[in-house]
1. What distance in nm separates the two pseudo spin-label positions at residue 39 and residue 54, each 7 Å out from Cα along the beta-carbon direction?
2. Along the principal axes of its C-alpha atoms, what lengths does region 21-72 span, in descending order and rounded to whole Å?
3. How high is the relative contact order of region 21-72, in percent, with contacts defined as C-alpha pairs under 8 Å that are six or more residues apart?
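A short reminder: the numbers here are calculations on the coordinates, not readings from a lab. No experiment lies behind these values; they were computed from the predicted model shown. Glycine also receives a Cβ, built like all others from the backbone with ideal geometry; neighbour counts cover every protein chain displayed.
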């Protein structure tokens with residue numbers, strides 16, 4: 001199952017999961033679902049994210065901002 005077919009991420013799952021596989025899938029496809037994008041953007045910025053996870057989130061934001069990743073329904 002890929003990132004765009006998965007159920008929307010909830011805050012607890014997001015804070016406990018490793019974002020690297022999700023990031024790899026998103027970058028390979030060049031798209032992220034709107035629901036996953038919203039969950040990533042509204043995730044709590046607390047101590048549950050590692051520095052690697054924060055870097056991944058920043059790369060995804062950059063990718064969407066620069067048009068490298070499209071947000072799709």
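1. For the pair residue 39/residue 54, the computed spacing is 2.3 nm.
2. Taking the Cα atoms of region 21-72, the three principal extents are 29, 19, 19 Å.
3. Numbers: 26 pairs, mean separation 31.6, N = 52.
Computed over region 21-72, the figure is 61 percent.
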